[in-house]
1. Using a 7 Å offset from Cα along Cα-Cβ at residue 304, what residues in the range 235-267 end up with backbone N under 20 Å from the label point?
2. Calculate, axis by axis, the spread of Cα positions in the range 228-289 along the three principal axes, and write the results as whole Å, longest axis first.
3. At a Förster distance of 41 Å, what's the computed FRET efficiency of residue 232 paired with residue 56, Cβ-Cβ distance as r, to 0.05?
4. Could you tally the net charge around residue 205, taking each other residue with its Cβ under 9 Å from the Cβ of residue 205, Lys/Arg +1 and Asp/Glu -1?
5. Kindly write out, for the range 280-291 in residue order, the coupling ³J(HN,Hα) from the Karplus curve 6.51 cos²θ - 1.76 cosθ + 1.60 (θ = phi - 60°), rounded to whole Hz, with x marking Gly and Pro.
6. Say a paramagnetic label sat at a point 7 Å from the Cα of residue 256, along Cα to Cβ; which residues of the range 215-236 have their backbone N under 18 Å from it?
7. Provide the packing ranking of 87-95, 326-334, i.e. peptides ordered by the mean count of other C-beta atoms within 10 Å per residue, highest first.
8. How much length is gained if the chain between residue 87 and residue 311 is pulled fully straight, taking 0.36 nm per residue apart and subtracting their Cα-Cα distance, in nm to one decimal?
Amino acid sequence: MSTGFILRALQHMSRAQTLPIVCSLLLAALTTTSSADAFTTYGHSYQPFSTPPIGNGSFGITGDALPDGRLLMVTGNSLFLESNAGSRLFDEVAIFDTTQTGGSTDPAFLTISPDGTRVAVGVGFGKPVAVFDVAALGAPDAPTTLTNGSVADYFHITPFDATWYDNTNLALTTGEFGQQAFVSLLDTQSNPDAPINNPIITGIAGASAGIAFDTAGRLYTANGFADGSGSVTGNIRIFDPAEWMTGADFETQGTYLGDILSGGSLRFDTDGNLFVAGGDFTDFDAGYLGVVNAQAIADALQGLGPINPNDPTDLRRLDPRGDGFGYFASAYNSFTGELYITDGEVWYATIPAPGALALLATSGCIARRRCRA
């Protein structure tokens, strides 16, 4: 039965007749479509907000959400923490060791461990990865200096992106110019002067890209910029734990998910939808943030083939700027349900919005206070 048919039928009923029906529709909608709403209604509205000012030596700002919903951001040579979830007010709470950063950062990533206790920051090209405890962060009027060796460990590795596999091991995407890219797994409890950082995905025919793990421990990564010898820019592949834990070849193993942008800044929401950032300007695939439907991912894993990027039920394109010229990255806040689409200094927040029937039902129930669970 279509939404239009239901609404036309309701127009011919009295308010007293419609309220019980509307309440029933609300309950049905909330119990049967909640997971679908996340994919279909991101971008219903955008809330732009300003981040801390871009710091010295930085071209942008990056961040991640703590378990309590507060955003932790890095720019310049400092870390900034949101005062409360959603406040959009930030205080400087930590300063990097200038002997390690040279006094500034151009942050590649900031990622918080699954248990919310540890932070890893890629402080810029040719600069190390800093790893420290959330508990080390200072207060607004007393920022902590993340001193090398005593408060933070600085691993002299320069990845493009990173994400935690667990609370100890950090997966890194790396690529040297003119060589194939690869993914490695850094043991953050190993000696920073002699780190244990073993390759787990090799042979990416191009540049490094984003990286993510789903709840089953599958690893997702991509070819960030093809070199012409294999996969093309934006090819995303999925690797089961049995594959990546023993070492896998990107070009010949794994499950092909699809060709989306440049496969940058891969992130999941709590419903299993995948956010894909970047841009492939040689293929005119740019100017949006991609959202891959969790069901389309499940279909690919079941052998039903890759997503169809031209099918809006497989891939949605979000453009908070509205001009098709953005080059976006993303972050996700599991506490607030917000997807953040980042474009330089401006961040845009969007959350799944209720559908038309849920809105109508909510309005009717609140107005008359007649709904019952």
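The numbers here are math on the coordinates, done by the rules we state, and not lab data. Owing to the predicted nature of the structure, the values given are computational and were not obtained by experimental measurement. Quick reminder, even Gly has a Cβ in these numbers, built from the backbone with ideal geometry, and neighbours come from all protein chains shown.
1. 236-240, 255-260, by backbone N distance to the label point.
2. The Cα atoms of the range 228-289 stretch 36, 36, 14 Å along their principal axes.
3. Once the sixth-power term is evaluated, E becomes 0.65.
4. Neighbour charge sum, excluding residue 205 itself: -2.
5. Along the range 280-291, the couplings run 10, 6, 6, 10, 6, 10, 7, x, 8, 9, x, 10 Hz.
6. Answer for this model: 220-236.
7. 326-334, 87-95
8. On the way: separation 224, 0.36 × 224 = 80.64 nm, distance 3.65 nm.
Answer, rounded to one decimal: 77.0 nm.
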